[in-house]
Number of protein chains: 2
Amino acid sequence: MNMKEFSEVTGLSAHTIRYYEKIGLLRHIERTKSGHRTFSKNDLVWIEFITRLKQTGMPLQQILKYADLREKGNSTAIARMDLLKHHSEALEEKLRQETQHLKKLKEKIEYYENLILSQNA
Amino acid sequence: MNMKEFSEVTGLSAHTIRYYEKIGLLRHIERTKSGHRTFSKNDLVWIEFITRLKQTGMPLQQILKYADLREKGNSTAIARMDLLKHHSEALEEKLRQETQHLKKLKEKIEYYENLILSQNA
DNA sequence: GCTTGACTTAGAGTTAACTCTAACTTGTAC
DNA sequence: GTACAAGTTAGAGTTAACTCTAAGTCAAGC
């Protein structure tokens, strides 16, 4: 898969993909003999995982730590699992808070609805 | 309420509070004759609302739009309600996605748990 | 073989949201 | 009345995560 295609399927710009490689989120990307990147199915799976972590609010620095552990092989399985466990707990807490915020927002919307009804009465 | 107290109850630094005033998120903050800010109960309610919007991912620019509408009085009630409705819909969608992400994360954690069990067997 | 679009790099620029600094003034506890 | 903590301003600096630029090389269709 060339850069264009990879960019399209991941939804990330070529700039962003190169940036991710530069900071070490993507590693060992194959190259053609002329120097162009060639992305594999594995690269795709990995970047989708990165995207998932990112979309749940994990900063790239911490994703990088996961990438470092992954690089070191099987012996780091427990450390990686711990990292994911912490993150999923934080995410659960965030979900609880956001749910609470949503409820309050809806109450405020309802307040506006009543206000507007009474203005038109 | 002076700056120190307001900072403590809101959990925001004095720097951040002044910054919020500078960009127009906080307006008409009273001053003592010597120039020190004095925050009211109203200011507190308003900043808690700002914080809620912020914590659900609304950028300050958009919160500022809400503040502008609020400034203009009752005639903007519908516009403000619309803004909140859009945001609460976006938030609902975000919650759905995060819930999905959480599920996948937990699956991955379970995968690690099994892996580690089999390594120790 | 030439055009046009895609690719490469190093490094500069941008944006949001703070965060800090310097230089100074005010308030409060002894 | 003197420390010292807390307040003020304008403006500079920081951080994360891109995003773009310049200057060039490569690939594919005609």
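The values are calculated or read from the model by the stated rules, or taken from the named source; none is laboratory data. Predicted model, so just to flag it, every value in this text is computed and none were measured. Here the Cβ positions follow ideal geometry from the backbone for every residue, glycine too, while neighbour counts run over all protein chains shown. Ligands, DNA and RNA are excluded from the accessible area calculation, which covers all protein heavy atoms including side chains. Shrake-Rupley method; radii C 1.70, N 1.55, O 1.52, S 1.80 Å.
See the values below:
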| item | result |
| --- | --- |
| Accessible area buried at the A-B interface, both sides summed, 1.4 Å probe (Å², nearest 100) | 3300 |
| A:Thr38 long-range amide H proximity, modeled H, under 5 Å | A:Glu30, A:Arg31, A:Thr32 |
| Calculated from backbone phi, Karplus (6.51, -1.76, 1.60) coupling profile of segment B:70-81 in Hz, x at Gly/Pro | 4, 4, 7, x, 4, 5, 9, 4, 5, 4, 5, 4 |
| Within straight-line cross-link reach of B:Lys103, lysines at Cα separation under 24 Å, skipping those fewer than 8 residues along the same chain | A:Lys41, A:Lys54, A:Lys65, A:Lys85, A:Lys94, A:Lys103, B:Lys94 |
| Inter-chain shielding of B:72-81 (mean C-beta neighbours from other protein chains, 10 Å cut-off) | 3 |
| Inter-label distance, nm, simple model (7 Å from Cα along the C-beta direction), B:Gln97/B:Ala14 | 3.9 |
| Segment B:81-121, accessible area per residue, ligands and nucleic acids excluded (1.4 Å, Å²) | 64 |
| Karplus-derived 3J(HN,Hα), 6.51/-1.76/1.60, for each residue of segment A:93-106, Hz, glycine and proline x | 5, 4, 4, 4, 5, 5, 5, 4, 4, 4, 4, 5, 4, 5 |
| Eligible aspartates and glutamates near A:Lys4 by straight Cα distance, threshold 20 Å, same-chain separation 8 or greater | A:Glu21, A:Glu30, A:Asp43, A:Glu48 |
